[in-house]
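Below you'll find the structure, written out as structure tokens, and then a few comments.
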Amino acid sequence: MSRSSKFRLCALFASLCTALSGPALSEEPSYDPDAVVTVAVASGFTTLDPCDASDRLSRMVVKSFYEGLFRLTPDMKVVPQLATGYEVSEDGMLYTIRLREGVKFQDGTDFNSDAVKKNIDRLLDPKNQLSRRNQFEPIARVETDGPYTVKLVMKRPFASIITRLAEGSVPMMCPKSIANGNGNVAFEACGTGPFILKDYNPSERLIVVRNPNYWQKGLPKIAGINWIPVVENATRSAMIRTGEADFVHPMPVEMIKAMKDVKDVEVVVEPSMVMRYLIINNNAKPFDNPKVREAINYAVNKEALAKVAFAGYARPATGIIPSQIEYAEKIGPWPYDPKKARELLKEAGYPQGFSTTLWSGYNDSTSQKVIQFLQQQLAQVGIKTQIRALEAGQRVSLIESVQKPEDATSKLYYVGWNSSLDIDWAIRPLFESKNCPPVLANEAYYVNKDVDRLLDEGLKTTDPKARAEIYRNVQETIWKDVPWGWLVFEDVTSAKRTNLKNFRVLPNNEYDFYEAYVERK
């Protein structure tokens, strides 16, 4: 083993001990082991299969019963979960991952290397048509080396693979659940996690209860979690105020000021890695004309949008990815200039403007405000829009399941992206030409072969200076091509009852609740 590999393995063990140890028993507050935590979220769920979930909410709530080989800590560090550490070959072509012993799936079967191989093989098999497959395309194959060692043989060196494994798209499912490919994992669940699925209705509830055989002794410290979709901002806010909910996310921004004065409620606001943007169908007229796309960017006052729709808990987007990601470039924000927008529309052949549709990928109250604001702004330069807020199922059928670009009926589409810590995966799913629906999330149907080439070069290059130059070119090219209307980076807002501890939202909108507990009153 190389010196660097030994150091990495030791560091991971040290991080794991820190992440899992928690407070000493003598210091731990008295908590209620029978407490059930109710969490109000802003949208329904699309699937229980995180390998095939296009929305982060669905991928995150299933952490209740699924775990991965690695995970992210609250400070966004990668630590082992069902793994205990890993080694990398000198050429970067082989990752040897050591697995935790003594873990069982919720159906009583052993967690081992065969189970890991079955799960990763399922994801990589193109026959299963799983949406997260391309995220792990650099893996050539998985090999087992005894019951508690797996080897990832790579197609090429790929330093971000452990980070990607930690971001929740490769859960370890019971082998019996996936014995025939996808099985029924979209509606049923069996993993190694702290909770067991009890009840699931995509638009109404996801109920989980304590796993009595969970491998981390003493966890979980709560009896269960009720994940409840609550689209209406006022209702979600009322639930935390009255105690009907213990945690709400997102906390409606227009109600934060008043909520800060409510007894027994704590509001948390932190910068996030969430971008909100307006997707423009580059394949549809008149949006195939870049002058029209530029006009849309000039037409929207991003500062006003942040104040009106987000109550100031957002900032104009300064680039195509959030600043927390390594190699992110500050390019914008795009200036507000409605006069310039009208001039560009005239140059594009639309002096009187045109009519089109504007959809939202969400139907919560804040998103309704956003599309109403955008409708008003675009109307001022002659672009008249008919707005529509989509429910989760409509989003899947009308946007994410479109089979060919020419079949897409979307024109302008408001949505958001919770970026990966890995710059390649923060950009590639959204802008690589082969990642149009139903493959991934290039819902603008943007095509630039130079961007495709540069993204591939970025993966092959290990020199930091060369990578920085490559990704600078990628970001500047995309910004100049204006496949989107660049809007805002949104803050993470949540609220919780003060007796709920260690339940939080990370900067990438991922939930952390492994050490959650409710203090006794």
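Taking Cα centre as origin and charging only the Cβ of basic (Lys, Arg, +1) and acidic (Asp, Glu, -1) residues, the dipole magnitude of the chain rounds to 480 debye.
Among Tyr66, Tyr214, Tyr31, the order by Cβ neighbours within 10 angstrom, fewest to most, reads Tyr31, Tyr214, Tyr66. Cα to Cα, under 12 Å, and not fewer than 8 places away if on the same chain: which aspartates and glutamates meet these conditions relative to Lys155? Lys155 reaches Asp91, Glu137.
With neighbours defined as other Cβ atoms within 10 Å of a residue's Cβ, the residues Trp215, Trp359, Trp484 order from fewest to most as Trp215, Trp359, Trp484.
Couplings for segment 138-151, taken from phi via the Karplus curve 6.51 cos²θ - 1.76 cosθ + 1.60 with θ = phi - 60°, read x, 7, 7, 6, 10, 10, 9, 9, x, x, 10, 9, 10, 10 Hz in order; Gly and Pro are left as x. Of the residues His249, Thr73, Asn233, the one whose Cα sits farthest toward the positive end of the charge dipole of the chain, with +1 on the Cβ of Lys and Arg and -1 on the Cβ of Asp and Glu, is Asn233. Taking the Cα centre of segment 385-497 as origin and assigning +1 to Lys and Arg Cβ atoms and -1 to Asp and Glu Cβ atoms, the resulting dipole is close to 240 debye. A straight line joining the Cα centroids of segment 189-206 and segment 96-136 runs 19 Å. Helix 365-379 and the longest principal axis of the Cα set of the chain meet at an angle near 20°. With the gyration tensor restricted to C-alpha atoms of the chain, the semi-axes of the equivalent ellipsoid amount to 38, 29, 20 Å, longest first.
In whole percent, what relative contact order does the chain give with Cα contacts below 8 Å and a gap of six or more residues? Don't jump to the answer; show the numbers that get you there.
Details: 1133 pairs, mean separation 99.4, N = 521.
The value is 19 percent.
Separation of the alpha carbons by more than 18 angstrom is noted, of Lys118/Lys151; Lys291/Lys339; Lys263/Lys521; Lys384/Lys404, for Lys384/Lys404. With the charge dipole of the chain set up from +1 on Lys and Arg Cβ and -1 on Asp and Glu Cβ about the Cα centre, the Cα lying farthest toward the positive end among the listed residues Phe195, Val474, Asn418 is that of Val474. Between the listed residues Ala317, Pro483, Gln368, the Cα displaced farthest toward the positive end of the dipole of segment 271-491, a dipole computed from Cβ unit charges relative to the Cα centre, is found at Gln368. Around the Cα centre of segment 271-491, unit charges on the Cβ atoms of Lys, Arg, Asp and Glu (plus for the first two, minus for the last two) sum to a dipole of about 700 debye. With neighbour counts taken as other beta-carbon atoms within 10 Å, the residues Lys291, Lys221, Lys480 rank, fewest first, as Lys480, Lys291, Lys221. For segment 313-381, what relative contact order do you get, as a whole percent, if you take Cα pairs closer than 8 Å and at least 6 residues apart? Worked out over segment 313-381, it gives 22 percent.
Restricting the calculation to Cα atoms, segment 271-491 yields a radius of gyration followed by a Dmax of 16.6, 51 Å.
Bear in mind that the values in this text are calculations on the coordinates, not laboratory data. Computed from a predicted model, the values in this text were never measured in an experiment. Counting neighbours? That spans all protein chains shown, and the Cβs are built from the backbone with ideal geometry, glycine included.
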